[in-house]
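Okay, structure first, notes after.
The values are calculated or read from the model by the stated rules, or taken from the named source; none is laboratory data. The model shown is predicted, which means the values in this text are computed figures rather than measured ones. All Cβ positions, glycine included, derive from the backbone under ideal geometry; neighbour counts span all protein chains shown.
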Amino acid sequence: MIEVARRGCTVSYSDLVQRIGACQFEPQDPRFHHLLGETSTAEDATSRGMLSVLVVHKDGDKRPGPGFFKLARELGRDTSDKDAFWIEELRKVYSVWS
């Protein structure tokens, strides 16, 4: 995900699971979503932002799923305007890793 951030891009859930070589996941696998949550929590604790902000739906809204926004609320973030929050968090992560 750091390489994705350095490029200023996003990655779909399905593309990311294909890039993970150490474990086999499906995009809807709860273990995969747990991994994303743990990664974002750890990165956020270092003030680098929620790294899983980069992981989005491949089709449709091309935004993170509801688990991302739920975790953001648990971390004390205001997600009342999901699009504004998502864009702000993307900018933060891009800035850190550029």
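Here are the numbers:
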quantity: Neighbours by Cβ (under 7 Å, 6+ apart or cross-chain): first from region 19-40, charged (D, E, K, R); second assigned to a helix (DSSP H, G or I); calculated: Glu26/Val17
quantity: From Ser80, Ser98, residue being surrounded by fewer than 18 Cβ atoms within 10 Å (Cβ to Cβ), in contact with a helix residue (DSSP H, G or I) (Cβ under 7 Å, 6 or more places away or on another chain), farther than 23 Å from Gln28 by Cα and not acidic (Asp, Glu); calculated: Ser98
quantity: Among (1) part of a helix (DSSP H, G or I); (2) closer than 17 Å to Lys92 by Cα; (3) out of contact with any Pro (no Cβ under 8 Å at 6 or more places or on another chain); (4) touching a residue at least 12 places away in the same chain (Cβ under 8 Å), the one test that Gly49 misses; calculated: (1)
quantity: Residue in region 44-63 that is more than 21 Å from Trp97 (Cβ to Cβ) and surrounded by 14 or more Cβ atoms within 10 Å (Cβ to Cβ) present; calculated: yes
quantity: Sole residue being outside any helix (DSSP H, G or I) and at pLDDT below 95, chosen from Asp15, Asp59, Asp78; calculated: Asp59
quantity: Residues of region 19-43 classified as surrounded by 13 or more Cβ atoms within 10 Å (Cβ to Cβ) and either in a helix (DSSP H, G or I) or of a type outside the set (Phe, Trp, Tyr) (or both), total; calculated: 11
